[in-house]
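Read the figures in this text as sums done on the coordinates, not as results from a lab. Just so it is clear, the model here is predicted, and its values are computed rather than measured. For neighbour counting, all protein chains shown are included, and Cβ atoms are generated from backbone atoms with ideal geometry for every residue, glycine included.
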Amino acid sequence: MDIEARLNELGIDLPAAPSPAGNYLPALRSGNLLYLSGAICLIDGEMTHTGKVGAERDIAYGQEAARICACNLLAVAKAQLGDLNQIEQVLQLNGFVNSVPGFAESPAVINGASDLLVSVLGDPGRHTRAAVAVTGLPKDSTVELQAVLAIKSSGTGLTPSQA
């Protein structure tokens with residue numbers, strides 16, 4: 001499957017890869033693994049989804065936020081790899097949901113990201129996952145995601161992101 005064609009078919013335009021907001025790399029490659037730093041609901045420098053799920057925001061809003069974050073992860077992967085078709089498998093997705101204390105529906109929120117990755121990548125989008133409720137995220141983002149990808153072409157050593 002051609003991933004760029006699949007994105008077009010689904011009507012998904014990936015945003016520009018966000019720049020790091022601190023002293024860290026957006027991606028780091030080690031051999032055939034690509035580690036992606038946390039992605040929040042940021043497009044072109046503007047927050048798209050803020051606030052706590054379970055208070056002023058509902059699960060559907062959180063799922064949309066998770067989709068935005070997943071698109072940002074794909075944008076960073078594309079900036080690093082040059083071609084999303086280099087993704088062999090999404091190995092792990094960790095999702096953090098900005099929520100009220102005691103919120104127990106984090107998995108339902110992070111399904112927004114998981115469903116998008118499977119829609120775009122097919123079986124290689126299936127992954128292991130954590131979905132955790134937290135009481136705050138950077139810039140009051142509704143969701144933050146981080147991921148580990150297996151990539152088809154192996155490299156040597158550690159390669160900082162070109163993004």
Margin query: Which of the numbered conditions does Tyr24 fail, given that it passes all the others? Conditions: (1) over 23 Å from Leu91 (Cα atoms); (2) in a loop (DSSP other than H, G, I, E, B).
Written below: (1)
Checklist line | Lone qualifier among Asp44, Asp115, Asp83 - being farther than 18 Å from Pro26 by Cα and charged (D, E, K, R) | finding: Asp115
Check: For the range 47-62, how many residues are under 26 Å from Ala17 (Cβ atoms) and buried (at least 21 other Cβ atoms within 10 Å of the Cβ)?
Finding: 4
